[in-house]
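Beneath this line is the structure, given in structure tokens, with notes to follow.
Where a number appears in this text, it was derived from the coordinates with a stated rule and is not lab data. These numbers were taken from a predicted model, which means no experiment stands behind them. As a convention, Cβ positions derive from the backbone with ideal geometry for all residues, glycine included, and neighbour counts pool all protein chains shown.
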Amino acid sequence: DAMVIQNPRYQVTQFGKPVTLSCSQTLNHNVMYWYQQKSSQAPKLLFHYYDKDFNNEADTPDNFQSRRPNTSFCFLDIRSPGLGDAAMYLCATSRRGGAGANVLTFGAGSRLTVL
Amino acid sequence: AQSVTQLGSHVSVSEGALVLLRCNYSSSVPPYLFWYVQYPNQGLQLLLKYTTGATLVKGINGFEAEFKKSETSFHLTKPSAHMSDAAEYFCAVTGNSGGYQKVTFGTGTKLQVIP
């Protein structure tokens, strides 16, 4: 089945120690997103890639970076995690246009704990 | 600009009772509307979507929603709740104008099903 895979599912890091979360997709979708979701809150968009074009949300801290080396993979780098960055990180994909545009397919998420 | 309001952060129903989760939206362009479900420690899964055409849309697991433009609503219903329906539900809106449009989520409603 075509899907969105996130690794690792659970990540524990220490305050200030860099973390990389990965996302891969077999849907061949043009757009890939990273969302941050804190407990009992709506997902908050951090940034998205529209093909190779990177689009940062205005309020995303510089501490968060992303890479998309090819269509299938996308990475979220947190350079110096703080306690406030503990959250579920969700990767999602969508088509670029047509009937499926903006219909998000989510991965299972990566839960980050910061000690 | 667009926004979503979900009335009730927590809803409790008895098993077998009607489920009604409320969602109102605002959008400056014709909307696409979605309901997503999230189980604990999982990503979001699309329940159903309205794009164009029929205003009553049916989704997975027996859920349906009706787009009412005059009321700017997209309430989610299910005739008979099952224990497995206990989860968090997110309403979302995006613009129906082609290309990339940001998806805006509501703050979510946690559904509790009482045996």
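Values as computed for the structure displayed
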| read-out | value |
| --- | --- |
| B:LEU47 within 14 Å of chain A (Cβ to nearest Cβ) and surrounded by 16 or more Cβ atoms within 10 Å (Cβ to Cβ) | yes |
| Filter result for the condition that a residue is closer than 26 Å to B:THR107 by Cα and either touching a Ser or Thr at 6+ places or on another chain (Cβ under 8 Å) or not acidic (Asp, Glu) (or both), over A:PHE47, A:PHE73 | A:PHE47 |
| Test for A:THR26: is it of a type in the set (S, T, N, Q) and over 22 Å from B:VAL4 (Cα atoms) | yes |
| Residue in the range A:37-54 that is within 12 Å of the chain's Cα centre (by Cα) and assigned to a loop (DSSP other than H, G, I, E, B) present | yes |
| Pair list, Cβ under 7 Å, 6 or more apart: the range B:63-82 residue in contact (Cβ under 8 Å) with a residue 60 or more places away in the chain, other residue in a loop (DSSP other than H, G, I, E, B) | B:LYS78/B:PHE63; B:PRO79/B:LEU18; B:SER80/B:GLY16; B:ALA81/B:GLU15; B:ALA81/B:GLY16; B:ALA81/B:ALA17; B:HIS82/B:GLU15 |
| Pick from the range A:10-49, criterion buried (at least 16 other Cβ atoms within 10 Å of the Cβ) and among the aromatic types (Phe, Trp, Tyr), ranking: farthest from B:GLU88 (Cα to Cα) | A:TYR49 |
| Considering residues of the range A:23-44 that are out of contact with any Ser or Thr (no Cβ under 8 Å at 6 or more places or on another chain) and not aromatic (Phe, Trp, Tyr) only, the residue nearest to the other protein chains (Cβ to nearest Cβ) | A:PRO43 |
| Unique match (being surrounded by fewer than 19 Cβ atoms within 10 Å (Cβ to Cβ), among the polar types (S, T, N, Q) and within 14 Å of chain A (Cβ to nearest Cβ)) among B:THR77, B:THR72, B:THR52, B:THR94 | B:THR52 |
| Within the range A:77-115, considering residues that are part of a strand (DSSP E or B) and away from chain B (no Cβ under 14 Å), the one surrounded by the fewest Cβ atoms within 10 Å (Cβ to Cβ) | A:ASP77 |
| Any hit, the range B:5-22, residues being within 12 Å of another protein chain (Cβ to nearest Cβ) and under 22 Å from A:TYR33 (Cβ atoms) | yes |
